[in-house]
Structures are given as structure tokens and as C-alpha cells.
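Step one of this worksheet: look at the structure below.
The values are calculated or read from the model by the stated rules, or taken from the named source; none is laboratory data. Predicted model, so just to flag it, every value in this text is computed and none were measured. Methodologically, a virtual Cβ is constructed for each residue, glycine included, from the backbone with ideal geometry; neighbour enumeration extends over all protein chains shown.
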2 protein chains.
Amino acid sequence: MSLIVQKYGGSSVADAESIKRVAKRIVETRKAGNDVVVAVSAMGDTTDELLDLANEVTPIHAPRELDMLLSSGERISMALLAMAIKGLGHDARSFTGSQAGMITDATHGAARIVEVTPVRLREALDEGAIVIVAGFQGFSRESRDITTLGRGGSDTTAVALAAALDADVCEIYTDVDGVFTSDPRVVKKARKLDRITSEEMLELASSGAKVLHIRAVEYARRHGVTLHVRSSFNNSEGTVVYDPERLPEGEAVEESVIAGVAVDLGQVKVTVVGVPDVPGAAAKIFKIVANTNANVDMIVQNVSAAATGRTDISFTVPKSDGERALKALSDAKETLGFESLQYDDQIGKLSLVGAAMRSATGISAKLFEALYEAGINIEMISTSEIRISVVTRADSVNDAAVAVHRAFDLDGDTEAVVYAGTGR
Amino acid sequence: MSLIVQKYGGSSVADAESIKRVAKRIVETRKAGNDVVVAVSAMGDTTDELLDLANEVTPIHAPRELDMLLSSGERISMALLAMAIKGLGHDARSFTGSQAGMITDATHGAARIVEVTPVRLREALDEGAIVIVAGFQGFSRESRDITTLGRGGSDTTAVALAAALDADVCEIYTDVDGVFTSDPRVVKKARKLDRITSEEMLELASSGAKVLHIRAVEYARRHGVTLHVRSSFNNSEGTVVYDPERLPEGEAVEESVIAGVAVDLGQVKVTVVGVPDVPGAAAKIFKIVANTNANVDMIVQNVSAAATGRTDISFTVPKSDGERALKALSDAKETLGFESLQYDDQIGKLSLVGAAMRSATGISAKLFEALYEAGINIEMISTSEIRISVVTRADSVNDAAVAVHRAFDLDGDTEAVVYAGTGR
């Protein structure tokens, strides 16, 4: 008998009909002879509605109370889901994060999982019940309070449960058919991948692919959890996210050179103009930026103009961090001795990801050529072992993705089907 | 420094604006130098909306899951209320029933409080915080599950907290100005009472007065908690529900003969026609009714007709219990040997309640005369030490209340203001 962990996002349980459909799918998995543990998000827009209510009541959100408020959303969906399954004649029990033993630190709104002690879940499984767990939430032993995990929380709950229960697979049900070679809304001929390595998935997720949250992928990778991304709206096979090193012997998989092309429109570029070209100048700048908790992604330093002894340093950060970084630098203008600051929120980032990039050659040349032929200007470049990223103008990054996707022979024969909405 | 427990019902926290208004009132109580503990219901129609969702998902409601579902309503309101208070610059902390130490048995949907261990509430009070507790919910140590208290739950939560924390008073905020001599929607000249004994309140509540739930009044009486019923929509003085035996010395209160007139349209009359008039016949009938958990209120047995050796026995039960009782009796027709059953759902019950009735004379004569003059027929009569109840046709019970209210000089000078809606 296998143990399968499934995660259903908010769009999969948006209303009573959806909950009934998901209940049927869970029961089918159970009937196929598996133990089933389900992590579920809040219904549809519940979380946003609760946040709206909080904003109406007060502009200041006490983090402890906000977690108490938001965590009620999953209690509603999990209880309804358990009821729906019982209505189908199968035993089901729902558990809050606290009851499920999802122990976190006390950081409200972005709690880290410190331990998972699924004693009650094991008991329920032993008694033959289907187990439903509230995603996104945990419990701090330190503060004795309810916490929430923040972005990607429900995915992370599912992965953490799979790891703690030593599940055979963790199925992430979502509103798309799986992981695609690119965002099907941007690249119409994007192909669904049958398999992708966890390393590639990590790079894609951190490069703007939204199907899985980077945190859940990291957790899965660290604990050797195999992920299976599937649609809750049909029965297609989805995408398996696996660790090649943990493959059963003989099951070697030939890796494609390129797994996918990701687009990220969520970054801004800050340029510090006229920085004195002396040792330590860059260090000082990025220390100040780091102190604002801004997450610096790409960095480019121009070649110094010998005549002036000054240089320009550009970097990208998420839009939400941009103004904070700008203000901190502006406040330190005299200390840093630069001339001016530029802020550019019209950039797009395109990333090419593939595990076989390690050994393959000519990838970057091919990328640059494709962009050149499409008439797209490259403003910044950065690379990792299995990724190349370039920054372009925001309004040309989608065209860039289509061109690159074609150049690397990723195009499928048919157009991908796109569904609306995303889960928490 | 006094410790004041306040309870706000669903209509008092129906939306963000109401929550802000309640927060201000709580802060005023705090500023007046009191420690404040608040029990709060779910917002407005939340509970009904959650029940609707449950019905859409499945007709079979697993009690454990239903409690999990419904208890989320108070988590929302309590977190929002705590946030609103913090927004006003005062420290506030919200606690679930479980966190507040509201320990119950494991009867889902109608859990009984077995113990209140408000350790965390005391800690929060010691640290100067205003404490907000989810009404209606508790936690079973036995099943380790969340429970709900059922009808009157939030009132009971407030009273139980007041008892456990030895509060000076338990203020029940509602959408009416206090306890009235009769339902102001029925008797326009009903007067608000400044004081009423807990014994009278208990009789009124069990006779159909809806302002306080009988269970909360009983709990308050048993634990010596003084209740103060007030409107959350204005600052009028409300009604104090007190125990005369616990009054401070010298503070004797002259009791009025009649505290109020209650009307109950929620009962039905079942008549067992042609019961053999032999010893034990009534006992057999009411044993069968009791086995259906029907709550028998009034019983009338006709004088036996000597010629037939048969008699009729009528009793009243709450509408929700009526059909169950009827079916059980019908199933036992042969054993009991009666001729037929009659079911009458067009009855109304009027009750006259007053502590001084014990010593006063002529009360029932005056009641019957008032009804006679108003042309209203009496079908059944029952009495307790401080109450007389009569059953009339449903469509004349309101006229009866007006007539009796006037006959006992209870009419006020002005018409009472009536608000819509009631809390959980």
C-alpha cells in the first residue's frame, strides 16, 4: 500500500461543486488502494476577502491576529472537504496545522517549519481514515500561537507532510496541466514536461515560473520528496519533479539540454550612477541594500571610465523591495559619494534553464543569436551552473520568450490550454 | 480595579463598521480602569452561510467536522476585533476556546463545559492586554477535538469566563436595550426592567423570552455571576440580573409581583385520545416520549368518562420534537391501547413570571379574568412557584399578552424601540 500526499490549491476548492469534485478524486485514490493525506488551501478568494475585512477594520495589522484570522480560511475548506468525503461513504478527518503537528518558529506571516510530528495523522491513517490537513498554517510551541507559513505555504505543508510521513509521492494539484517549457499564456506552443529534475524546477521557480513555489521545491529537494504536479480539472499525467541521484537503479533518464524558458516581470532595476571606482565601493552599496532585506538578483558593473575614475553599478530586486532599497541608497548618498540614482521598473527577465547545460556548449551563443534575430536588446546577463538569464525591456520579454523557445526546439505541436486563477 | 466580562453577539459585530464601534466601547471600558475580557460571536450571518456551504457539499453532516467548520466563524470575528482594538492603540489578544481553556465534553454540537482553565487569559490580563475569546466553542481533552456549545453558546462562554475569572460582572451586549416586561414586538408598551432576579429570568427564558439563553442564566445562577444585559447600539443602562440572596447587606430590593409576560409560539400540542384509564397508562406514554429526547413542557389529563373507562392526555413539546414524539407514540399504538392521536401546531403559550408570586394571592384569578375579558379561551394551564402559564390559540396569544400586560399594570408610558436581528 502506498501513501500519497495530495495538495489542492484555492482554485481547486473554490466552491461547493469544486469541493465535491476534489472529494471524488481523493476517494478514487483511496479506492485504488492508497493511504491518502491531503493538504488543502482556503477556498478561492477567502484569503483576500479576509484581508479586505482586516483593512476595513484597521490599517495596522497585528501579525499574531492576522495569522489567527487568515488560518480560519483553511479550517473552513478542510472541514467541508472532510464532510464531502464522508458524504461519499469514506472515513475522513480534518486536522488544523497545530493538530497535524506542524511545528514552526514564532515568525507570524512567514513561519519556518522546525518539526513535523504527525502523531494524530498516523493514528487516523491506521484507523483507515483519509486525512485532511489545513495548508499554510502551523503552531509555535514557543509562543503557543497559530502561525502561517506565508507565500507558497500550502505547497510547503504538503511537502513537509510527505517528508514526515515518508510518503511515496507528493501530488500538487493545480489549475494547469503540469510544468511547461514556458508560461503557456506567453508562449502558445509551450509544451508540458513529463519530467523535470528538482534542480531545474528550483531554477525555473526562482526565475518566475509560478506553478510551484520555490520554497516547496527546496524543501522537497532537501528531504528527497518526489513531486508530481497535476491538474485537478482533468486526469492528464502531469509532471514529475524528481532528483536524478535518488532514481532507482537502472532508471536513468536522459536529460534534455533545456527544460524551459521562464519570464519574470516582477523585478526592477536600480542603477547607482557615478560610483567612485575604488576598492570596497560595491561592498558598501550592497551592504546598505542588504540591510533593507531586499533580495538582490542580478548585478552588473560597467567598465570604469578611466578619465573620471567613476563607474555605474546596476542591480535588480523584486518590485516590492525596490523603493526600500532606493531610499536607503538615497539616504547614504554622501557616504557612498555617487552622483545619482536611476530606477527602472520597465524591465523583464528571461531565463533559460536546463541541467544538461553543465556539459553542453554554445548555449549562450545560441540564446544571444535568437534574441538578436528577434531584434531584442540585452541589458544585463547573469548565469548559474544550469541557468542563463538576460534582462530586456519589459514590453519585449514575451516576444523574447517565444523566439528563444523556438530557437531551442521546445515548441510543441499544439497550443497549450490555459486555465484562469492560481491557488495559494 | 474591576474585571468585566463582555459578550457581543453576531449582530453587534456584523461588519467592519460594527466591529470598530464595539472596539471603541471595549476601549472605553478599559480606560475607565477595568480589566476587560470579551466573548464574541461569529459575524452576522457567518454561521448560517457556513451551514449553507455544508449543505451544498453533503446532506450528511459529520458532527466533528461541522464543529471544526462552525468554530472558524468566531476565529474571524475575534481576530478582527483584537486588530481593531490594537488599531486604537490598546493591547489586545484573541484566544480560541481551546487556548482560553474552555474544556468541554466530547459531545459535538452541544458540548457541556466541564472545566475552565483560563491560564493564558490571566497571563494576558496581567500583562495589561484586553482579552478577546471566541464564543460558542471549546475543546475536548478526551477526543482532543474542537467542540461547539450549541444554542446560547456565546452567552454561556461569557458566563463561564466570568465565573472562572471571578469577574465583577458579566455584561451581555445585544440588539435590545435590556430585559423587558414582555416582547416589545408584541406588547408595544412593554417596559424595560432595571433589575430582575435570576430565578425570574430563568422562568422568563424558559417561557419564550429570547434576550438571554436559559443555559447561560442557569450557569450564572449556579456560579453566582451577576449578569448585565445591555444594548451594543446605545449607552442606556440595561437590565441587571441578580441573585437576591447574594446582594450585599442592606441592599434589599423590593420585588414587584410580576416581572414579565412571556409568549412562546414554538410549541405544539399532542393529544393521545382514548387512553385506557388504568394505573400506569400515563407513565407508559411519557416513557415513550422521553425516549425520543422530546422535552415535554405542559401536561393535561381530562377527567375520565366513567362510561368508557377512557381518558385523553395532552402534552406540549417544542416544535422540533413534535413529529418525533408523534411517530414514537404511533408506533406504540397497540401496546398503549389508545384510540387516536391529535397533533396541533396552532397553539401559543403565555407565561406570567414574578418572584413575589410566592406570597401574593389572587394572581391566577386576575390572569383568568383578564383573558376572559379579552375573549380568549384557555386550553391548558400549568404553574410553578413563580410562574403561571396558559395555552391559547396561536393567533390570539399576542392579544392575550397585551391584555395581561395591561391588567397587571406593567404598561410603560412610551412605546419600546425595537431593533432587528438577534445574535448567536
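Working only within the stretch B:381-415, note down all residues that are within 24 Å of B:I299 (Cβ to Cβ) and among the aromatic types (F, W, Y). Before you say what the answer is, go through the steps one by one.
Residues of the stretch B:381-415 within 24 Å of B:I299 (Cβ to Cβ): B:381-397, B:400-401, B:404.
Answer for the stretch B:381-415, where residues must be within 24 Å of B:I299 (Cβ to Cβ) and among the aromatic types (F, W, Y): there is none.
Answer with yes or no whether B:S182 is in the same structural domain as B:M68 (by TED's automatic domain parsing), of a type in the set (S, T, N, Q) and farther than 30 Å from B:L51 by Cβ.
When the stated conditions are applied, B:S182 passes them.
In the stretch B:60-70, is there at least one residue being more than 8 Å from every other protein chain (Cβ to nearest Cβ), assigned to a loop (DSSP other than H, G, I, E, B) and crowded, with 24+ Cβ neighbours inside 10 Å?
no
Could you tell me which of the residues A:L53, A:L81 is facing chain B (nearest Cβ under 9 Å), of a type in the set (A, V, I, L, M) and surrounded by fewer than 24 Cβ atoms within 10 Å (Cβ to Cβ)?
The unique qualifying residue is A:L53.
Looking only at strands (runs of 3 or more DSSP E) that lie completely in the stretch A:253-344, which have at least 1 residues being modelled with pLDDT under 90?
Answer list for the stretch A:253-344: A:267-276, A:299-301, A:310-318.
Tell me the residue from B:E65, B:E17, B:E28 that is of a type in the set (D, E, K, R) and closer than 23 Å to B:E123 by Cα, please.
Among B:E65, B:E17, B:E28, only B:E28 is of a type in the set (D, E, K, R) and closer than 23 Å to B:E123 by Cα.
Scanning for something in the same structural domain as A:N34 (by TED's automatic domain parsing), among the hydrophobic types (A, V, I, L, M, F, W, C), more than 13 Å from the chain's Cα centre (by Cα) and surrounded by 21 or more Cβ atoms within 10 Å (Cβ to Cβ), does the stretch A:199-217 turn up at least one residue?
Within the stretch A:199-217, not a single residue is in the same structural domain as A:N34 (by TED's automatic domain parsing), among the hydrophobic types (A, V, I, L, M, F, W, C), more than 13 Å from the chain's Cα centre (by Cα) and surrounded by 21 or more Cβ atoms within 10 Å (Cβ to Cβ).
For the stretch B:207-221, which residues satisfy the criterion of being assigned to a loop (DSSP other than H, G, I, E, B) and of a type in the set (G, A, S)?
Result: B:S207, B:G208, B:A209.
Quick check on the stretch B:186-209: of everything there that is polar (S, T, N, Q) and modelled with pLDDT of 90 or more, which residue is nearest to B:V225 (Cα to Cα)?
Going through the qualifying residues, I end up with B:S198.
Quick check: anything in the stretch A:89-100 over 18 Å from A:R122 (Cβ atoms), in the same structural domain as A:K20 (by TED's automatic domain parsing) and either crowded, with 24+ Cβ neighbours inside 10 Å or within 26 Å of the chain's Cα centre (by Cα) (or both)?
No, the stretch A:89-100 contains no residue that is over 18 Å from A:R122 (Cβ atoms), in the same structural domain as A:K20 (by TED's automatic domain parsing) and either crowded, with 24+ Cβ neighbours inside 10 Å or within 26 Å of the chain's Cα centre (by Cα) (or both).
Would you point out the residue of the stretch A:235-250, among those that are within 28 Å of A:E28 (Cα to Cα), out of contact with any His (no Cβ under 7 Å at 6 or more places or on another chain) and assigned to a loop (DSSP other than H, G, I, E, B), that is modelled with the lowest pLDDT?
Looking at the filtered set, the residue picked out is A:P248.
Could you tell me whether B:I381 is touching a helix residue (DSSP H, G or I) at 6+ places or on another chain (Cβ under 9 Å), crowded, with 17+ Cβ neighbours inside 10 Å, modelled with pLDDT under 95 and β-branched (V, I, T)?
no
For residues that are part of a loop (DSSP other than H, G, I, E, B) and surrounded by 24 or more Cβ atoms within 10 Å (Cβ to Cβ), tally how many sit in the stretch A:148-167. Even if it seems obvious, please write down each step before you answer.
Initial filter on the stretch A:148-167 (part of a loop (DSSP other than H, G, I, E, B)): A:149-152, A:165-167.
Retained after the next criterion (residues that are surrounded by 24 or more Cβ atoms within 10 Å (Cβ to Cβ)): A:149.
Selection size over the stretch A:148-167: 1.
So which residues in the stretch B:382-394 are over 20 Å from B:A190 (Cβ atoms) and free of Cβ contacts under 8 Å to residues at least 60 places away in the same chain, if there are any at all?
B:T383, B:E385, B:R393
Look through the stretch A:310-346, keep the residues that are surrounded by 22 or more Cβ atoms within 10 Å (Cβ to Cβ) and under 29 Å from the mean Cα position of the chain (by Cα), and return whichever of them is nearest to A:T271 (Cα to Cα).
A:F315
Looking only at the stretch A:84-93, count how many residues are among the hydrophobic types (A, V, I, L, M, F, W, C) and at the interface with chain B (Cβ under 7 Å from one of its Cβ atoms).
Going through the stretch A:84-93 one residue at a time, the tally reaches 1.
Answer yes if at least one residue in the stretch B:28-39 is more than 12 Å from chain A (Cβ to nearest Cβ), under 24 Å from A:T58 (Cα atoms) and touching a Phe, Trp or Tyr at 6+ places or on another chain (Cβ under 8 Å), and no otherwise.
Yes, there is a match, as at least one residue in the stretch B:28-39 is more than 12 Å from chain A (Cβ to nearest Cβ), under 24 Å from A:T58 (Cα atoms) and touching a Phe, Trp or Tyr at 6+ places or on another chain (Cβ under 8 Å).
Based on this model, can you work out whether B:T96 counts as in contact with a Lys or Arg (Cβ under 8 Å, 6 or more places away or on another chain) and away from chain A (no Cβ under 14 Å)?
Criteria not met by B:T96.
In contact with a strand residue (DSSP E or B) (Cβ under 9 Å, 6 or more places away or on another chain), closer than 25 Å to A:R120 by Cβ, surrounded by fewer than 24 Cβ atoms within 10 Å (Cβ to Cβ) and in contact (Cβ under 8 Å) with a residue 24 or more places away in the chain - does that describe any residue in the stretch A:32-43?
Yes: the stretch A:32-43 contains one or more residues that are in contact with a strand residue (DSSP E or B) (Cβ under 9 Å, 6 or more places away or on another chain), closer than 25 Å to A:R120 by Cβ, surrounded by fewer than 24 Cβ atoms within 10 Å (Cβ to Cβ) and in contact (Cβ under 8 Å) with a residue 24 or more places away in the chain.
Among the residues of the stretch A:136-147, which ones are buried (at least 24 other Cβ atoms within 10 Å of the Cβ) and either under 15 Å from the mean Cα position of the chain (by Cα) or aromatic (F, W, Y) (or both)?
Passing the criteria: only A:F136.
Scanning for something more than 8 Å from every other protein chain (Cβ to nearest Cβ), closer than 20 Å to B:L70 by Cβ and either in contact (Cβ under 8 Å) with a residue 12 or more places away in the chain or not polar (S, T, N, Q) (or both), does the stretch A:101-109 turn up at least one residue?
no
Just need a number here: residues in the stretch A:384-403 that are surrounded by 17 or more Cβ atoms within 10 Å (Cβ to Cβ) and part of a strand (DSSP E or B).
Final tally of qualifying residues: 6.
Does B:V119 meet the test of being under 19 Å from A:T96 (Cβ atoms), within 13 Å of chain A (Cβ to nearest Cβ) and modelled with pLDDT of 95 or more? Can you show your working first?
Details: under 19 Å from A:T96 (Cβ atoms): no; within 13 Å of chain A (Cβ to nearest Cβ): yes; modelled with pLDDT of 95 or more: yes.
No: the conditions fail for B:V119.
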